[in-house]
Amino acid sequence: MPGLFMKIILQESDLAYERILDFHERIMEVIATTDSDLVLDFSNVSFTLDSAVIGELMKFHNNLQEQDRRLILENTNKLTRTVFRLNKLDTILHLSP
């Protein structure tokens, strides 16, 4: 159904390198058990994302896109937006203001 979404508010600890597998499993479980778009809220994340997290976001995006669903990134900080823009990821990922 259009307009439906599942929102997850991320914490910095969710994105720590040593927890990347937990992050992957948690989000993939949500993708597998819901039929809606997925919103990841980065309002509690102050640092920029490393390549491991960006790789996971692309996996989530691809998985959702195959199901005609979207991954929406919300409340990303300025530095993260700049990294996305420089790597042209802002043309692939849905960034909300």
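Values quoted throughout were computed directly from the atomic coordinates according to the rules given, and no laboratory measurement underlies them. Here the structure is a predicted model, which is why all the values come from computation and not from measurement. Because the Cβ atoms are built from the backbone with ideal geometry, glycine has one as well, and the counts that use them run over all protein chains shown.
Annotations
- For the listed peptides 38-47, 83-92, a ranking on the average number of other beta carbons within 10 Å per residue, highest first, reads 38-47, 83-92.
- Region 9-40-region 42-97 distance, computed between alpha-carbon centres (Å): 12
- The alpha-carbon of LYS78 sits under 17 angstrom from the alpha-carbons of these aspartates and glutamates, leaving out residues fewer than 8 places away in its chain: GLU12, ASP41, ASP50, ASP90.
- Cross-link partners of LYS59 among lysines (Cα-Cα below 20 Å; sequence separation of 8 or more within a chain): LYS7, LYS88
- Unit charges at the beta carbon, dipole of region 40-90: most positive-side option, LEU40, PHE84, HIS61: PHE84
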